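**Student:** Attaching a single structure in structure tokens format; questions to follow.
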Amino acid sequence: MIKIKTFLLITSLLVLPFQVFSQSITEKGVASIELDKSTCRDGRPADRNKHFEAIEKAKLSAWNKYTATLSSDRLNAYYASEDRFLSELEQYITDYVILTTDCSKTDRNYTVSIRVTINEARLNSKLVAGSSGSAAKQNLQGQGVVVLVVPRKTTEALIFDDKVTSQSMTKKSLSADEMISADESSVSITESSTQRESTTTGGSTSRKATKRTYVIGDLNDASAQINNVLAPLGMRTFGAARLEGMASRYGYEPFLNEVLDQFSGKIGDLGANISPQKQNEIVDLIIDVGQGRLNYFLLGTVDSSVARIDPDSGVYKSDVLVNVQLYRIDDFFGAESVASVGPEIKTAFGETDVLSEKAALKKAFSEATNSLILKL
């Protein structure tokens with residue numbers, strides 16, 4: 001019994017990392033092929049090779065649909081080595097399910113639709129590794145980067161009613177008619193008048209932008225996930241909390257709570273965003289505290305939506321909006337933008353609302369950071 005429990009424990013530990021850290025998505029593909037002289041049997045071609053030929057063609061259809069949704073930076077990296085990716089397609093399409101088949105003896109045509117599972121994490125890893133030779137990426141090795149990427153979740157959305165301004169114009173007119181009748185002994189005149197009134201209406205509608213407030217997520221978790229992506233590049237991450245702690249030794253006031261209040265929408269007039277003045281103050285801190293060892297600043301937000309049930313899969317689905325910028329720090333020019341990502345929406349699924357949100361955040365952090373690297 002102990003051996004069985006030990007075996008199950010080891011097996012679960014081996015499987016768990018793959019389930020937690022793999023990023024897979026599904027895509028639908030459809031393909032049709034001519035049957036030539038082949039006939040249909042039980043709804044499929046009598047020649048089994050035709051069936052598998054259609055499946056391979058449907059896989060390629062699903063793959064092309066998926067790659068068409070890639071961001072411009074990832075798509076450029078993919079096109080640079082498209083032939084290699086197509087020759088290794090089985091490494092990225094890990095599974096498929098046949099949805100429908102249609103075999104027509106009359107048209108001598110066979111159509112199949114499938115849903116494939118694509119290992120997106122493996123593709124991203126290949127894309128980033130393939131671009132590792134750029135001079136900009138080589139310059140990042142050994143560099144220190146201050147990370148302040150704030151995970152947020154909407155808690156309240158204040159929606160303003162439409163302001164309607166109405167205008168109307170009334171125009172009146174009067175017309176008169178006169179009729180004269182005469183006989184041998186008399187003359188009579190009859191007058192009639194008609195009053196007409198027309199009204200023209202119009203106006204304008206104005207709407208104020210929705211004001212949102214957020215709750216701040218786990219900053220340590222965000223920094224840890226970003227560090228997992230930046231560490232293989234040779235970069236050394238430096239948390240904003242540590243920057244604040246070291247800055248206090250130089251006599252600077254704490255800044256992090258004020259920044260988080262700005263990002264949450266509690267203070268400020270910039271729509272739940274950091275003010276340019278506060279951002280410049282942080283850059284000055286990086287220059288003074290870093291003393292040449294902190295050369296980059298990663299700043300941005302990752303906003304998660306309320307999880308909802310996906311009608312196709314029946315599991316929870318969460319969307320994450322990513323907006324991140326990487327700056328190079330210069331003593332004179334301050335923060336110079338090197339690359340930026342967003343706004344982009346990332347989507348992930350999970351058995352529960354918590355798992356789907358965690359998966360979406362993890363995917364957003366990974367893809368956003370990878371996109372930044374691909375832009376260099």
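Bear in mind that the values in this text are calculations on the coordinates, not laboratory data. None of these values were measured; they are calculated from a predicted model. Note that we place each Cβ from the backbone using ideal geometry, even for glycine, and neighbour counts take in every protein chain shown.
**Student:** Skipping prolines and chain starts, which residues have an amide H placed within reach, meaning under 5 Å, of the one on Arg152, given they are 5 or more residues away or on another chain?
**Tutor:** Counting only residues 5 or more places away or on other chains, the set is Gly217, Val302, Asp303, Ser304.
**Student:** I've got another one for you. Starting from the 7 Å offset along Cα-to-Cβ, what nm value, one decimal, do you get for the label separation of Lys266 and Val30?
**Tutor:** 5.2 nm
**Student:** Here is a follow-up. Starting from 0.36 nm per residue, how many nanometres of slack lie between Ser72 and Val315 once their C-alpha separation is accounted for?
**Tutor:** Details: separation 243, 0.36 × 243 = 87.48 nm, distance 2.93 nm.
Gain in length upon complete extension: 84.6 nm.
**Student:** Continuing with this model, one more query. Which of the residue pairs Lys28/Lys50; Lys37/Lys65; Lys65/Lys105 have a Cα-Cα distance greater than 23 Å in the structure shown?
**Tutor:** Numbers: Lys28/Lys50 20 Å; Lys37/Lys65 31 Å; Lys65/Lys105 29 Å.
Check vs 23 Å cut-off fails for Lys37/Lys65; Lys65/Lys105.
**Student:** Please sort 286-297, 335-346 by packing, taking for each peptide the average over its residues of neighbouring beta carbons within 10 angstrom, highest first. List each step's numbers first, then the result.
**Tutor:** Values: 286-297: 18.0, 335-346: 16.1.
Highest mean packing first, the order is 286-297, 335-346.
**Student:** So how much slack lies between Ala129 and Ser275, counting 0.36 nm per residue of separation and subtracting their Cα-Cα distance, in nm?
**Tutor:** Working: separation 146, 0.36 × 146 = 52.56 nm, distance 3.56 nm.
The Ala129-Ser275 span can extend by a further 49.0 nm.
**Student:** Let me ask you something else. Give the Kirkwood hydrodynamic radius (Å, one decimal) of segment 23-121, defined as one over the mean of 1/r across all pairs of different Cα atoms.
**Tutor:** For segment 23-121, the Kirkwood estimate is 14.4 Å.
**Student:** Report the extension gain between Ala80 and Asn109 in nm, rounded to one decimal, defined as 0.36 nm multiplied by the number of residues separating them, less their alpha carbon distance. Kindly include the intermediate steps, with their values, before the conclusion.
**Tutor:** Numbers: separation 29, 0.36 × 29 = 10.44 nm, distance 3.50 nm.
Full extension from Ala80 to Asn109 adds 6.9 nm.
**Student:** Could you work out how far apart the two model spin labels at Asp284 and Asp47 are, taking each label as a point 7 Å from the Cα in the direction of the beta carbon, and quote it in nm?
**Tutor:** 7.7 nm
**Student:** Between Glu90 and Thr347, what's the calculated FRET efficiency when r is the beta-carbon distance and R0 is 30 Å? Round to 0.05. Could you put the intermediate results ahead of the total?
**Tutor:** Numbers: r = 25 Å, r/R0 = 0.83.
Plugging the Cβ-Cβ distance into 1/(1 + (r/R0)^6) gives 0.75.
**Student:** What number comes out for the charge environment of Asp330, summing +1 per Lys or Arg and -1 per Asp or Glu over other residues with Cβ under 13 Å away?
**Tutor:** Local net charge: -2.
**Student:** Moving on. Taking amide H atoms as placed 1.01 Å from N in the peptide plane, list the residues 5 or more away in sequence, or in a different chain, whose amide H sits under 5 Å from that of Gln143.
**Tutor:** Arg236
**Student:** Here's another thing I want to ask about it. How much FRET efficiency would the formula 1/(1 + (r/R0)^6) give for Thr117 and Ala241, where r is the Cβ-Cβ distance and R0 is 56 Å, rounded to 0.05?
**Tutor:** On the way: r = 39 Å, r/R0 = 0.69.
For R0 = 56 Å, the calculated efficiency reads 0.90.
**Student:** Principal axis extents for segment 214-359, Cα atoms only, whole Å, descending order, please.
**Tutor:** Largest first, segment 214-359 extends 54, 37, 25 Å along its Cα principal axes.
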